[in-house]
Amino acid sequence: MSEPLIQARGLEKAFEKGRIVALRGMDLEVAEREFVAIVGPSGCGKSTLLHLIAALDKPDNGRIRVGEHELESGRHLSRYRARHIGMVFQLHNLLPSLTALENVQVPMFELGLGRRERKERARRLLALVGLGDREGSRPPELSGGERQRVGIARALANDPPILLADEPTGSLDSESGSRILDLLETLRRERGLTVILVTHDAEVAARADRIVRMLDGRLLGEEWAPRPEPVGAGAGAQQSAG
Amino acid sequence: MTFSGLILRNLFRQRTRTALTMLGIAIGITTVVALGAVTAGLRASSSAFVKAGGADFLVAQRGASDLSFSTLDEQVADQIAARPDVERATRVFLEVADTPGNPFFFLLGYDPGELMQEPLRMLAGERLSADRPDALMLGSEAAAAFGAGVGDEVRLEGRTFHVVGIYAADDDWRDAGAIAPLRTVQEIARKPDVVTAVHVVAARPRDPDRVAAAIEAELPEVATIAGPEEYGKVDQGFEILDAANLAISLLAVGIGAIGVMNTMIMSVFERTREIGVLRAVGWSGPRVVRMVVAESLFLCVLAALIGIGLGVLASRLVLVVPAVSSFLTPAYEPAVFLRAVAVGVVVALVGALYPSIRAARLSPMEALRYE
Ligand SMILES: Nc1ncnc2c1ncn2[C@@H]1O[C@H](COP(=O)(O)OP(=O)(O)OP(=O)(O)O)[C@@H](O)[C@H]1O
Ligand SMILES: [Mg+2]
C-alpha cells in the first residue's frame with residue numbers, strides 16, 4: 001500500500017469536561033479509493049471519528065492528515081470541508097425550504113461557480129442519483145430514500161475526493177438501503193472516491209473493502225473483504241489488534 | 001439559485017415575523033420622512049418669505065425666538081432705507097390672525113407707497129392706496145379660502161376690510177395671507193411705530209453680503225438673513241425642529257435596531273441546525289455572517305422604501321388641514337430620503353451584528369447536534 005490518503009493517529013476526544021470519553025487513542029489509515037466500513041456498538045465513538053476527519057470538531061490529542069492537509073492547524077478548515085469532504089448524514093440534514101436542486105447547490109457557493117454552472121452541475125448530480133425528475137421537490141415531499149439520495153448528491157456537489165457517510169441507510173428499509181449502497185459503490189468506481197461509512201448493519205459492512213471494528217473509542221480490529229477467489233467463510237479475514 | 005435567492009427564501013419562511021419587523025421599521029422611517037419633509041418645507045417657505053419681492057435679505061430683530069415676535073423701530077427701518085448701498089427697503093409687519101378655518105392666517109402690513117415698488121403679480125383689482133386704511137389685498141389661496149373677490153368685504157381681527165385686489169405670490173406665506181396698510185396692521189397689533197422686518201434690495205454694484213455685514217455692524221440690535229441657514233438668528237424654531245428630527249431619527253434607529261436584533265436572533269436560533277449543516281458542507285464563518293447581514297439589510301432597506309412611501313403620504317395628508325397648508329408645502333429633498341435609507345441601513349447593520357457573529361461562532365458540531 002502506498003502512502004495512505006487519510007492517516008489518523010492516537011485520536012483522543014472527550015466531552016463535557018472529560019466526563020465522557022468518546023475516543024481514546026484511535027488510529028485509522030485509509031488508502032485512496034478505498035471503501036471502509038466502521039462498525040461497533042453504539043457510543044463507541046464512530047460518529048466522533050467521522051466528525052474529526054471532516055474537521056467539524058477538533059481532537060483533544062492526536063493528529064489527522066488528509067492528503068497534504070494537517071487538520072489541527074485550525075485554519076482553512078471550511079475550505080477543506082468544502083473541497084475535500086462530502087458528508088452524508090444519517091438524517092439527511094437537507095434545508096427544508098429549498099428544493100432538491102437548490103439543496104445540491106448550497107455547497108457550491110464556496111467554489112465561486114457561476115449561477116448557470118451551479119445549476120447545471122446540480123442537475124447532473126441529481127440525475128446521477130436517479131432523481132432527475134424530482135428537481136423541484138422539497139425535502140418534506142420526498143421519501144426517506146430520496147432525501148438520502150439528495151444528500152449524497154449534495155455531498156458530491158464540489159467533487160470531493162472523500163465521502164464520509166454516517167449511517168446513511170440507518171433510517172431506511174433494507175431495499176432503499178441497498179439502493180443507496182449500490183449508488184455509493186457505483187460512485188466510488190466511476191469517480192474514484194474514497195468512502196468511509198459508519199454502519200450498524202453487518203450486511204452493509206460486508207460490501208466494503210475493509211471493516212474497521214471499534215470498541216470504547218479504540219480500534220478493535222480490521223477485516224479485509226475476501227479476495228475474488230473463493231475462500232471459506234471468515235477464513236480470509238485478518239485480525240489485527242487495536 | 002443565487003445567494004440573494006437563498007436570502008429571500010429565508011425571509012419568506014417566516015412571513016409574518018418578517019412583515020411585522022418591517023412594519024415596525026417602516027413606521028419609524030415614516031416619521032423620519034414626514035417630519036423631514038415638513039421641516040424642509042418650512043425652511044423653503046420661510047426662505048421664500050425672506051426673499052419675497054426679489055429681496056436680497058431680510059432684516060429682523062436679533063435673537064427673537066420666532067420671526068413673528070421680532071420688532072424693529074421704524075426709525076431703524078428708516079436708517080436702513082437711507083443707506084446709499086441700499087436700493088430699496090420694504091418694511092413689513094407680520095400679524096398672525098385667527099380666522100375661521102385657519103388660526104395661523106398671515107396678515108401682512110405694508111406701506112402702500114413701498115408696496116408699489118414690490119414686484120407682485122396682480123390677478124384682479126389694484127394695490128393698496130394711501131387714502132384707504134380698510135383696503136385689503138388677498139393672496140390667491142386666501143381668496144379661494146374666503147371665497148371672496150374684489151369689492152367684497154372681509155372681516156379680520158374684528159375689522160371689516162374691503163378687498164381691492166387679488167395677487168399671486170411665490171411664497172406660501174403671502175399667497176395664503178393678505179396684505180393691508182402698515183398703519184392699520186400696527187393698530188390691530190397695538191404696536192405703533194414698529195415693524196417686524198425689512199426686506200432689503202442692495203444697490204448697484206450689488207454685493208448683498210457686504211451690505212448685510214455692514215448693516216449688522218452698524219446696528220447691533222438687528223440680524224440679517226439671506227437664506228434658511230441664517231434663519232436661526234431670529235427664529236429658534238428650526239433649531240428645535242432640527243433637534244426633533246435628529247431625535248426621531250436616533251429613536252427610529254434605536255427601536256428599529258432592537259426589533260431587528262430580536263428578529264435576527266430568533267431566526268438564527270431557530271436555524272441553529274441548518275447553520276451547522278451549512279458549516280458542515282463547507283460554508284465559511286464570514287459567509288454565514290454575510291447571509292445573516294444580507295437578510296437583515298434586505299428587510300430593512302425594503303422597510304425603508306415602504307417607510308418613504310408612507311412618509312410622503314403622511315406629509316401630504318397634513319395638507320388637508322388648511323391651517324397647515326397656508327404656510328407649508330412639504331419639500332421632498334434628496335437629503336430626507338437619504339436619511340431614511342441611512343436609518344434603514346444602520347438599523348440593519350446594528351441589528352444584525354450580534355446575531356450574525358453568534359451564528360458564525362457556533363461550532364459546526366454543536367450546531368448539528370442541536371435539537
Ligand atoms: N457533543 C457531544 N457532547 C457530549 N457527548 C458527546 C458529544 N458527542 C458525542 N458524545 C458522546 O461520545 C460518545 C461517542 O459518541 P459517538 O456519537 O461518536 O458514538 P457512535 O459510535 O457514533 O454511536 P451511535 O452508533 O449510537 O451513533 C457517546 O457516549 C456520546 O454520548
Ligand atoms: Mg453515531
Write out, first by first residue and then by second, each pair whose Cβ atoms fall under 6 Å of each other, whose residues are 6+ apart or on separate chains, and whose first residue, in region A:87-102, is closer than 19 Å to A:Leu197 by Cβ while the second is away from ligand 2 (no atom under 16 Å from the Cβ) and open to solvent by 20 Å² or more (accessible area, probe 1.4 Å).
-> A:His92/A:Arg147
Yes/no for A:Leu50 being within 14 Å of another protein chain (Cβ to nearest Cβ), within 16 Å of ligand 1 (Cβ to nearest atom) and touching a strand residue (DSSP E or B) at 6+ places or on another chain (Cβ under 6 Å) | yes
Of all residues in region A:95-116 being modelled with pLDDT of 95 or more and in contact with a Pro (Cβ under 8 Å, 6 or more places away or on another chain), the one that is farthest from the other protein chains (Cβ to nearest Cβ) | A:Ala100
Among the residues of region A:201-220, write down those that are farther than 12 Å from A:Asp27 by Cβ and either of a type in the set (Phe, Trp, Tyr) or more than 16 Å from ligand 2 (Cβ to nearest atom) (or both).
-> A:Ala202, A:Glu203, A:Ala206, A:Arg207, A:Ala208, A:Asp209, A:Arg210, A:Ile211
Of the candidates A:Glu110, A:Glu72, the one satisfying the condition of being under 29 Å from A:Leu11 (Cβ atoms) and open to solvent by less than 50 Å² (accessible area, probe 1.4 Å) is A:Glu110
With the first residue restricted to region A:30-48 and required to be within 11 Å of A:Asp166 (Cα to Cα) and small (Gly, Ala, Ser), and the second required to be outside any loop (DSSP other than H, G, I, E, B) and within 11 Å of ligand 2 (Cβ to nearest atom), Cβ contacts under 8 Å at 6 or more apart or on different chains are A:Ala37/A:Val198; A:Ser47/A:Asp166; A:Ser47/A:Val198
Here are some conditions: (1) surrounded by fewer than 20 Cβ atoms within 10 Å (Cβ to Cβ); (2) without any contact (Cβ under 8 Å) to a residue 60 or more places away in the chain. B:Thr99 meets all but one. Which one does it not meet?
-> (1)
Tally time: how many residues in region B:223-234 are buried (at least 23 other Cβ atoms within 10 Å of the Cβ) and of a type outside the set (Ser, Thr, Tyr)?
-> 3
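Being under 26 Å from B:Ser46 (Cβ atoms) and open to solvent by 20 Å² or more (accessible area, probe 1.4 Å), is that true of even one residue in region B:131-138?
Of the residues in region B:131-138, the ones under 26 Å from B:Ser46 (Cβ atoms) are B:136-138.
Going one step further and asking which of them are open to solvent by 20 Å² or more (accessible area, probe 1.4 Å), we end up with none.
No - not one qualifying residue is present in region B:131-138.
Only one residue in A:Val150, A:Val195, A:Val204, A:Val212 is within 15 Å of ligand 1 (Cβ to nearest atom) and modelled with pLDDT of 90 or more. Which one?
Answer to the check: A:Val212.
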Does B:Met22 satisfy the criteria of being without any contact (Cβ under 8 Å) to a residue 24 or more places away in the chain and open to solvent by less than 40 Å² (accessible area, probe 1.4 Å)?
-> no
Does region B:332-371 hold any residues that are within 22 Å of B:Glu274 (Cα to Cα), open to solvent by 70 Å² or more (accessible area, probe 1.4 Å) and more than 14 Å from every other protein chain (Cβ to nearest Cβ), and which are they?
-> B:Leu353, B:Tyr354, B:Ile357, B:Arg358
Selection count, region B:53-63, where residues are outside any loop (DSSP other than H, G, I, E, B) and of a type in the set (Gly, Ala, Ser) = 3
Can you name every residue in region B:102-129 that is in contact (Cβ under 8 Å) with a residue 24 or more places away in the chain, exposed (fewer than 13 other Cβ atoms within 10 Å of the Cβ) and out of contact with any strand residue (DSSP E or B) (no Cβ under 9 Å at 6 or more places or on another chain)?
-> B:Pro119
Count - residues of region A:63-86 that are within 16 Å of ligand 1 (Cβ to nearest atom) and over 18 Å from A:Thr194 (Cα atoms) | 0
Restricting attention to region B:71-86, which residues are open to solvent by 60 Å² or more (accessible area, probe 1.4 Å) and small (Gly, Ala, Ser)?
-> B:Ala82
Go through region B:77-96 and give me each residue that's under 20 Å from B:Thr224 (Cβ atoms) and either without any contact (Cβ under 8 Å) to a residue 12 or more places away in the chain or touching a Pro at 6+ places or on another chain (Cβ under 9 Å) (or both).
-> B:Asp78, B:Ala82
Is it true that some residue in region B:37-52 is of a type in the set (Gly, Ala, Ser), in a helix (DSSP H, G or I) and within 14 Å of chain A (Cβ to nearest Cβ)?
-> no
Out of curiosity, is B:Ser68 open to solvent by 20 Å² or more (accessible area, probe 1.4 Å), in contact with a Leu (Cβ under 7 Å, 6 or more places away or on another chain), part of a helix (DSSP H, G or I) and not aliphatic (A, V, I, L, M)?
-> yes
Candidate set from region A:117-129 (those that are open to solvent by 10 Å² or more (accessible area, probe 1.4 Å) and within 11 Å of another protein chain (Cβ to nearest Cβ)); member that is farthest from B:Val281 (Cα to Cα) | A:Lys119
Where in region A:1-99 are there strands (runs of 3 or more DSSP E), lying wholly inside it, with at least 2 residues that are within 16 Å of ligand 2 (Cβ to nearest atom)?
-> A:6-15, A:20-30, A:35-39, A:85-88
Taking interchain pairs and intrachain pairs at least six residues apart, which have beta carbon atoms under 8 angstrom, with the first residue in region A:163-176 and open to solvent by 20 Å² or more (accessible area, probe 1.4 Å) and the second of a type outside the set (Val, Ile, Thr) and within 12 Å of ligand 2 (Cβ to nearest atom)?
-> A:Glu167/A:Gln90; A:Glu167/A:His200; A:Gly170/A:Gln90; A:Gly170/A:His200; A:Ser171/A:Gln90; A:Ser171/A:Leu91
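Can B:Ala217 be described as more than 18 Å from the chain's Cα centre (by Cα), in the same structural domain as B:Pro84 (by TED's automatic domain parsing) and surrounded by fewer than 13 Cβ atoms within 10 Å (Cβ to Cβ)?
yes
Residues are listed down the side, and each one gets a yes or a no for (1) modelled with pLDDT of 90 or more; (2) assigned by TED's automatic domain parsing to the domain that holds B:Val76; (3) not aliphatic (A, V, I, L, M):
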| position | (1), (2), (3) |
| --- | --- |
| B:Leu138 | yes, yes, no |
| B:Ala145 | no, yes, no |
| B:Ala148 | yes, yes, no |
| B:Ala168 | yes, yes, no |
| B:Leu182 | yes, yes, no |
| B:Gln186 | yes, yes, yes |
| B:Asp207 | no, yes, yes |
| B:Ala212 | yes, yes, no |
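The values are calculated or read from the model by the stated rules, or taken from the named source; none is laboratory data. This is a predicted model, so every value here is computed, not measured. Because the Cβ atoms are built from the backbone with ideal geometry, glycine has one as well, and the counts that use them run over all protein chains shown. To get the accessible areas, we keep the full protein, side chains included, count just its heavy atoms, and leave off ligands, DNA and RNA. Shrake-Rupley method; radii C 1.70, N 1.55, O 1.52, S 1.80 Å.
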